[in-house]
Amino acid sequence: MLDKWQNFPLALQMGHIGAELTRAWHCKEKGEQRLMENSLWRALAMIDLTVQQATQKAIQPARLKEILRFREVACDFFLDLGNFLIQWPALQGYFLPFTLVRPVKT
C-alpha cells in the first residue's frame, strides 16, 4: 500500500482520509463503537503514511504542521477528548473539498 499511497498527490490522500473519517462518523452516530474505532485507526494510519512521505519529501513545514494538527483534531473529536470542542460539520468542512479530487488517469 505504501508504494501506491506515495504516488497519490496530497489532495487525493486527504480525500481518502476524509472518506475514512466519514465512515467513522457514520458508525459513531449509529453507536457502533468498534466499527468507528476501526475506521478511525485506518484514517490515522493513512495520515501517518502522509506525514512519513511529507518528511521524506521535505514539504513545507506549515503544511506538515497542518496535517499533524488535523490528526490531533480528528483524534480529539472521535475519542471525545474535548480539547478542541470541534463539531462534525467543521471537521467535515475541512476535508470535504479533498473528497472531490479525482486521480488523474495517465
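The numbers here are math on the coordinates, done by the rules we state, and not lab data. For clarity, every value in this text was computed on a predicted model and none was experimentally measured. Please note: Cβ atoms are built from the backbone with ideal geometry, for glycine as well, and neighbour counts cover all protein chains shown.
Just one of 76, 48 is among the charged types (D, E, K, R), in contact with a Gly (Cβ under 8 Å, 6 or more places away or on another chain), free of Cβ contacts under 8 Å to residues at least 40 places away in the same chain and surrounded by 11 or more Cβ atoms within 10 Å (Cβ to Cβ); which is it?
76
What about residue 70, is it under 11 Å from the mean Cα position of the chain (by Cα), under 16 Å from residue 94 (Cα atoms), among the aromatic types (Phe, Trp, Tyr) and part of a helix (DSSP H, G or I)?
Yes: the conditions hold for residue 70.
I want to confirm something. Restricting to the range 89-106 and keeping residues that are in contact with a helix residue (DSSP H, G or I) (Cβ under 6 Å, 6 or more places away or on another chain) and in a helix (DSSP H, G or I), which single residue is farthest from residue 36 (Cα to Cα)?
Among residues in the range 89-106 that are in contact with a helix residue (DSSP H, G or I) (Cβ under 6 Å, 6 or more places away or on another chain) and in a helix (DSSP H, G or I), the one farthest from residue 36 (Cα to Cα) is 98.
Quick one: count up the residues across the range 51-65 that are surrounded by fewer than 12 Cβ atoms within 10 Å (Cβ to Cβ) and of a type in the set (A, V, I, L, M, F, W, C).
Result for the range 51-65: 2.
Mind checking which pairs have a first residue in the range 51-64 that is over 15 Å from residue 9 (Cβ atoms) and touching a residue at least 12 places away in the same chain (Cβ under 8 Å) and a second that is surrounded by 13 or more Cβ atoms within 10 Å (Cβ to Cβ) and of a type outside the set (Ser, Thr, Tyr), Cβ under 6 Å, 6 or more apart or different chains?
51/67; 64/54
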